[in-house]
Amino acid sequence: MSNAFCQTCGAKLIRKELENEGMIPFCPKCGQYRFPMYNVAVSMIVVNQRTNKILLIQQYNRPAYILVAGYVNRTEQLEHAVIRELKEETGMSAVRLKFNRTKFFEPSNTLMCNFTAFVKDDSELCVNGEIDAYNWFTYEEAKKHILQNSLASEFLNAYLEEAEG
């Protein structure tokens, strides 16, 4: 059971049958079912509309290129999180967003929600301290430079297959 204790009162949860749902964590003290909780994050394929290139970044002293990403704040809409994270990390404003797909990422207990964020150009680009390095890549270059066998590469490759399809 991913949640061993009640997030409200701290009591140890038990598994209890809930009609049409199966075995669900239940708090005997609160008398409430406690559905498993997880994090929600957004990642984005940033496309420069002027050059038709994709922005990939490096973070946390790692040499691999990844997508811009960040966690969704409580009560925040996914689209707003994309706009906020893009602005916070790169200084750029999205002129258009496109939802791509989601995938659960077990290592961090996170539902990753992927978007394409189109920016007019790179004139606003001013990366914050979270980004160690960045580069704009053509579609083919992005495929080669993205961290292979990662969720970022899975999202990017799926987007590129649709874009080139």
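Things to note:
- Convex hull of Cα atoms in region 1-47, direction-averaged projection (nm²): 4.8 nm²
- Theoretical gain in end-to-end length, residue 108 to residue 29 [0.36 nm per residue, Cα-Cα removed]: 25.6 nm
- Rounded tilt (10° steps) of 151-164 against the dominant C-alpha axis of the chain: 50 degrees
- Among 15-23, 99-107, 117-125, 86-94, the order from most to least packed when residues are scored by Cβ within 10 Å on average: 86-94, 117-125, 99-107, 15-23
- Dipole moment magnitude, nearest 20 debye, the chain about Cα centre, only Lys, Arg, Asp, Glu C-beta charged: 520 debye
- Within the chain, helix-based [θ] at 222 nm, where runs of 4 or more DSSP H residues each add -39,500 (n - 2.57), nearest 500: -6500 deg cm²/dmol
- Relative contact order of the chain, pairs being alpha-carbon contacts under 8 Å that are 6 or more residues apart, as %: 23 percent
- Region 19-68 - percent relative contact order, Cα under 8 Å, separation 6 or more: 23 percent
- A straight line joining the Cα centroids of region 142-165 and region 28-105 runs 16 Å.
- Using alpha-carbon coordinates, inclination of helix 78-90 to the longest axis of the chain, degrees: 50 degrees
- Quick note on region 10-165: its Rg to Rh ratio, both from C-alpha atoms and Rh being the Kirkwood radius, is 1.09.
- Of the residues 67, 112, 156, the one whose Cα sits farthest towards the positive end of the charge dipole of region 26-165 is 112 (charges of +1 on Lys and Arg Cβ, -1 on Asp and Glu Cβ, taken about the Cα centre).
Since every read-out is calculated from the coordinates, none of them should be taken as a lab result. What you see is a predicted model; the values in this text were computed from it and never measured. Quick reminder, even Gly has a Cβ in these numbers, built from the backbone with ideal geometry, and neighbours come from all protein chains shown.
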